[in-house]
There are 2 protein chains.
Amino acid sequence: MLLVTDVTAVTVDDRRRIVTDAAIAVDGDRIVEVGKAVDLLERYRAAEVLDGRGMVAIPGLIDAHLHSPQTILRGVADDVPWRPYLEDFIWPIQGGYTPEDALASMRLTLLEMLKSGTTCFVDPLVHTRYGFDGLAQAVVDMGLRGVLAKIVMDQAGLAEQMGVIHPGMVEAEESSLAEAERVLQAWFGGGGGRVQVWYGPRVPREPAVACSPEFYARVSDLAGEAGSGITVHLAGEREDVPFFRREFGMRPVEFARKYGLVGGNVLIAMGTWISEEEVPVLAETGTSVVHCPQPNMKLASGVARVPAMRRAGVNVALGCDSGAQNNALDMIREMKAASLLHVVSTMDAAALTAEDVLEMATIAGARAIGRGADLGSLEAGKQADVVLVDMRKPHTTPVFDPVANLVYAAHGGDVDTVIVAGRLLMRGREVLVADEQEILEEADRRGREVVARAGVSVAPEWPVE
Amino acid sequence: MLLVTDVTAVTVDDRRRIVTDAAIAVDGDRIVEVGKAVDLLERYRAAEVLDGRGMVAIPGLIDAHLHSPQTILRGVADDVPWRPYLEDFIWPIQGGYTPEDALASMRLTLLEMLKSGTTCFVDPLVHTRYGFDGLAQAVVDMGLRGVLAKIVMDQAGLAEQMGVIHPGMVEAEESSLAEAERVLQAWFGGGGGRVQVWYGPRVPREPAVACSPEFYARVSDLAGEAGSGITVHLAGEREDVPFFRREFGMRPVEFARKYGLVGGNVLIAMGTWISEEEVPVLAETGTSVVHCPQPNMKLASGVARVPAMRRAGVNVALGCDSGAQNNALDMIREMKAASLLHVVSTMDAAALTAEDVLEMATIAGARAIGRGADLGSLEAGKQADVVLVDMRKPHTTPVFDPVANLVYAAHGGDVDTVIVAGRLLMRGREVLVADEQEILEEADRRGREVVARAGVSVAPEWPVE
């Protein structure tokens with residue numbers, strides 16, 4: 001029994017409570033009770049008591065879209081549009097990855113997540129060449145949660161011919177599906193349920209023909225049969241809409257509906273250019289969307305209709321996307337960016353409130369990965385994924401509203417303590433489950449190596465002496 | 001002689017150099033040389049050597065628009081439009097301030113600035129009731145720099161009658177000007193030149209008639225004669241433009257030109273609704289603008305034409321505005337927001353690069369306060385305002401480009417060391433010039449008191465148990 005005491009608990013449960021002078025009782029991997037500390041201290045005899053004074057307790061943050069291989073590529077390509085970003089930098093570099101490179105990037109990702117309060121994430125495109133098992137094992141070893149989507153495609157040869165996939169990223173239909181099948185079996189319920197395996201069919205994007213429409217339908221069937229999920233980039237860039245119209249004679253969400261890319265086990269990434277008319281389809285089918293505000297801003301991709309989606313009842317999660325594109329993986333900073341972007345875009349100061357974005361970063365993320373009953377809020381019976389954020393800093397003083405302070409004033413560096421599945425992973429910012437220095441050094445070395453190997457110039461804009 | 005060694009120096013001087021393995025030699029309050037550490041270690045015998053390994057050195061950040069009284073009001077009014085924000089929350093609360101309240105907020109402001117690498121700021125509206133001398137002395141005591149603009153107005157009675165100024169904020173023309181004259185004399189060159197006194201005429205805004213057009217002209221003359229400057233909010237909200245047209249028959253910048261609110265000693269705050277056609281006037285007259293991206297986003301004020309202004313040659317600085325409105329005063333986070341906002345607004349990935357926003361936060365800020373020759377870059381002869389940012393964190397690893405890492409990955413919590421005028425104010429995040437705990441406690445207490453005194457409800461959105 002673990003007891004977090006004297007904390008301000010922001011539950012994000014159905015009653016959306018803020019409990020002051022609270023305690024959170026944890027037994028094994030589950031929350032037993034959230035209530036007033038004075039009551040819980042009487043009720044439970046705890047083996048371990050964590051003093052939460054001056055801190056706000058929130059559910060572990062869920063980053064619903066995070067390309068782990070790109071974390072060691074932080075800063076290789078800034079202030080460039082998405083096509084050169086991908087084609088001249090990210091793809092050629094990632095196309096030369098070894099499993100050791102991908103592992104170093106994954107471990108840096110997990111460390112950065114842990115230190116900023118993110119306890120669960122979706123990795124949308126895990127290539128065979130990255131070594132799926134090593135990555136999944138790293139998630140387990142760090143004590144965190146991950147949904148790893150194995151990339152699948154059926155027209156890689158054609159895509160390669162058209163120059164929209166790097167040779168190093170090509171996977172044949174059968175081999176990519178076979179590997180997906182294998183890792184699904186191997187990791188089913190892996191790490192005490194902390195690893196989930198999904199399908200990540202390659203994005204339909206001009207002239208990205210790496211997947212045929214029929215292949216999406218087949219993947220949809222496979223995922224359904226396996227009780228797995230699908231995540232797919234959709235309508236992320238402005239030019240995607242005319243591409244869908246030209247290529248398939250329909251809008252992106254129509255396409256998604258026709259070929260099985262909608263439903264309760266589907267998570268659409270970006271959706272930047274999904275129109276008002278398409279939104280109801282997402283709501284009706286229970287399809288989730290993950291919004292990545294800062295990456296969408298930084299690559300001039302556009303502004304997704306998040307307030308409209310939420311009003312229509314679409315479950316919208318939040319993601320940081322990529323260390324190369326964001327360039328931080330800090331869900332607290334991403335929450336603020338989400339709120340501010342949609343307020344100024346709609347010129348409505350309440351378009352996306354602090355409370356709204358906190359929901360997106362927690363319970364909506366949990367629902368997006370089919371774990372709404374188990375994750376995403378602080379309440380009895382759920383997994384004990386608890387994050388304590390220290391509010392005794394100059395930039396978080398005073399605390400009139402813990403939610404506003406968390407979202408608008410705090411940043412990931414204010415996260416003090418992280419508990420996942422009842423296990424204490426970080427306390428007082430000290431990581432208890434990994435050698436931080438070793439991960440940083442390895443990531444730094446591998447990052448430089450993969451860039452050098454690809455022969456890509458990543459010199460800063462300003463002259464270096 | 002103080003020597004910072006083994007640092008990556010981002011000079012922001014005219015050559016825009018990045019010097020690796022650099023040293024910065026400081027003698028008294030000035031920088032003597034920036035160059036390779038191996039050379040400087042040979043050339044200078046330093047009494048004190050600061051190891052800058054793993055860190056990036058930048059010029060002290062300059063927050064060109066920061067209402068210090070609002071820092072103790074962090075989180076009192078979120079997700080509301082600007083009118084209720086000001087009229088129902090900020091004004092009634094500030095209208096009841098004592099000098100002790102304003103001082104507590106100022107000290108929290110200075111502490112927050114120091115801990116996030118901001119070494120100089122512009123406080124745009126210092127009321128007589130806040131106790132100017134106490135605030136200026138606090139800046140001096142903390143070792144930082146401040147431009148404090150004494151608020152002046154000539155139609156306060158009319159404004160009060162129309163309900164656009166809180167009774168507690170009313171100052172008569174003569175008393176506000178007399179106080180401005182007094183503090184100008186008292187603080188001329190104060191704190192070794194670390195305090196500057198400016199004029200802060202109240203914003204012309206519907207139906208804010210606290211200043212007559214002729215009064216602006218008179219203030220312009222007074223500031224010119226005194227070698228002082230002026231900062232004024234202009235065209236910050238959409239409705240300001242039709243107001244100017246209706247009331248004065250011209251656009252805001254035409255008004256500003258006609259009544260002396262342009263020129264090298266004028267800093268226009270916000271300028272959110274300044275049109276493309278007005279921009280050349282600002283450039284021709286050498287008028288500076290301070291852009292506050294996150295506050296403008298959060299209150300749904302709009303998006304200023306920053307890339308167009310910069311292209312036209314306007315000096316555009318950066319500001320965090322207010323602890324109540326932002327809600328953090330973190331210039332590093334503000335830089336990222338500035339870049340991303342303008343990229344997505346213009347759909348141009350290079351609209352405002354990492355380098356551009358770093359300039360805005362340093363040298364452009366220095367020019368905006370008439371200190372371009374003395375502040376804003378790391379170069380021989382300038383004041384030694386040096387900030388070291390620690391890049392050995394998970395979210396700042398690897399470092400391919402120190403500028404990109406600083407702007408897009410880092411946050412204020414990564415600032416390790418702050419030197420102002422050659423004096424070490426913070427080292428290893430330990431504040432050497434103030435009792436941090438005492439400031440936090442006083443700010444927390446005063447914040448609660450001023451809100452209670454005003455009888456304003458600041459309950460969180462979610463129910464508190």
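The values are calculated or read from the model by the stated rules, or taken from the named source; none is laboratory data. Please read all numbers here as calculations on a predicted model, not as lab measurements. Here the Cβ is made from the backbone with ideal geometry for all residues, glycine too, and neighbour counts use every protein chain on show. Accessible surface is based on the protein model in full, side chains and every heavy atom, while ligands, DNA and RNA are left aside. Shrake-Rupley method; radii C 1.70, N 1.55, O 1.52, S 1.80 Å.
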Practice problem: Scan the stretch B:321-334 for residues that are more than 10 Å from every other protein chain (Cβ to nearest Cβ) and either surrounded by fewer than 24 Cβ atoms within 10 Å (Cβ to Cβ) or under 19 Å from B:V80 (Cα atoms) (or both) and report the count. | Solution: 2
Quiz item: Do we find that B:H411 is surrounded by 24 or more Cβ atoms within 10 Å (Cβ to Cβ) and within 21 Å of B:L110 (Cα to Cα) in this structure?
Solution: yes
Self-check item: Members of the stretch A:388-412 found to be free of Cβ contacts under 8 Å to residues at least 24 places away in the same chain and facing another protein chain (nearest Cβ under 7 Å), listed by number
Solution: A:P394, A:H395, A:T397, A:P398, A:F400, A:A409
Exercise. Test B:D416 against the stated conditions and say whether it is touching a residue at least 24 places away in the same chain (Cβ under 8 Å), under 29 Å from A:D401 (Cα atoms) and assigned by TED's automatic domain parsing to the domain that holds B:T11.
Key: yes
Quiz item: Hey, any hits in the stretch A:101-108 for a residue that's surrounded by fewer than 21 Cβ atoms within 10 Å (Cβ to Cβ) and either at negative phi or in contact (Cβ under 8 Å) with a residue 40 or more places away in the chain (or both)?
Solution: no
Quiz item: For the subset of the stretch B:242-269 comprising residues that are at pLDDT 95 or above and assigned to a helix (DSSP H, G or I), which member is surrounded by the fewest Cβ atoms within 10 Å (Cβ to Cβ)?
Solution: B:K258
Self-check item: Conditions (1) over 14 Å from A:N296 (Cβ atoms); (2) open to solvent by 10 Å² or more (accessible area, probe 1.4 Å); (3) facing chain B (nearest Cβ under 8 Å); (4) within 20 Å of the chain's Cα centre (by Cα); number of the one not met by A:A337
Solution: (1)
Self-check item: the stretch A:254-303, residues that are away from chain B (no Cβ under 14 Å) and in contact with a Phe, Trp or Tyr (Cβ under 9 Å, 6 or more places away or on another chain)
Solution: A:E254, A:F255, A:A256, A:K258, A:Y259, A:G260, A:L261, A:N265, A:L267
Practice problem: Hey, can you tell me all the residues within the stretch B:167-186 that are open to solvent by less than 40 Å² (accessible area, probe 1.4 Å) and assigned to a loop (DSSP other than H, G, I, E, B)? | Solution: B:E171
Quiz item: Of the residues A:A186, A:A208, which single one is of a type in the set (G, A, S) and at pLDDT 95 or above?
Solution: A:A186
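So which of B:F215, B:F243, B:F255 is in contact with a helix residue (DSSP H, G or I) (Cβ under 6 Å, 6 or more places away or on another chain) and either in contact (Cβ under 8 Å) with a residue 24 or more places away in the chain or of a type in the set (D, E, K, R) (or both)?
After applying the criteria, what remains is B:F255.
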Self-check item: Selection from the stretch B:47-82 of residues that are among the charged types (D, E, K, R) and under 22 Å from B:V290 (Cβ atoms)
Solution: B:D63, B:R74
Practice problem: All but one of (1) farther than 24 Å from A:I268 by Cβ; (2) in contact with a helix residue (DSSP H, G or I) (Cβ under 7 Å, 6 or more places away or on another chain); (3) surrounded by fewer than 19 Cβ atoms within 10 Å (Cβ to Cβ) hold for A:G190, so report the exception by its number. | Solution: (3)
Quiz item: If you take the residues in the stretch A:10-36 that are at the interface with another protein chain (Cβ under 9 Å from one of its Cβ atoms) and part of a strand (DSSP E or B), which one is most open to solvent (accessible area, probe 1.4 Å)?
Solution: A:K36
Quiz item: What are the residues in the stretch B:353-367 that are buried (at least 23 other Cβ atoms within 10 Å of the Cβ) and either among the small types (G, A, S) or not in a helix (DSSP H, G or I) (or both), if any?
Solution: B:A354, B:A361, B:T362, B:A364, B:G365, B:A366
Exercise. Scan the stretch B:300-341 for residues that are outside any loop (DSSP other than H, G, I, E, B) and touching a residue at least 40 places away in the same chain (Cβ under 8 Å) and report the count.
Key: 18
Quiz prompt | Qualifying positions in the stretch A:432-442 - open to solvent by less than 20 Å² (accessible area, probe 1.4 Å) and either more than 9 Å from chain B (Cβ to nearest Cβ) or in contact with a helix residue (DSSP H, G or I) (Cβ under 6 Å, 6 or more places away or on another chain) (or both) | solution = A:I439
Quiz prompt | Yes/no for B:D39 being on the phi < 0 side of the Ramachandran plot, within 12 Å of chain A (Cβ to nearest Cβ) and open to solvent by 30 Å² or more (accessible area, probe 1.4 Å) | solution = yes
Self-check item: So B:E465, is it within 12 Å of another protein chain (Cβ to nearest Cβ), open to solvent by 50 Å² or more (accessible area, probe 1.4 Å) and within 24 Å of B:D141 (Cβ to Cβ)
Solution: no
Quiz item: Of the residues that make up the stretch B:184-202, is at least one over 18 Å from B:D240 (Cβ atoms) and touching a His at 6+ places or on another chain (Cβ under 8 Å)?
Solution: no
Quiz item: Which residue out of B:G428, B:G376 is more than 12 Å from every other protein chain (Cβ to nearest Cβ) and surrounded by fewer than 24 Cβ atoms within 10 Å (Cβ to Cβ)?
Solution: B:G428
Practice problem: Select from the stretch B:187-228 the residues that are touching a Phe, Trp or Tyr at 6+ places or on another chain (Cβ under 6 Å), of a type outside the set (S, T, N, Q) and part of a loop (DSSP other than H, G, I, E, B) and list them in ascending order. | Solution: B:E206
Quiz prompt | Residues of the stretch B:443-462 satisfying the condition of being among the charged types (D, E, K, R) and more than 10 Å from chain A (Cβ to nearest Cβ) | solution = B:E449, B:R453
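Name every residue in the stretch A:143-161 that is open to solvent by 10 Å² or more (accessible area, probe 1.4 Å) and farther than 19 Å from A:R218 by Cβ, in order of residue number.
A:E160, A:Q161
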Exercise. Name the residue, out of B:A350, B:A283, that is part of a helix (DSSP H, G or I) and either surrounded by fewer than 24 Cβ atoms within 10 Å (Cβ to Cβ) or free of Cβ contacts under 8 Å to residues at least 24 places away in the same chain (or both).
Key: B:A283
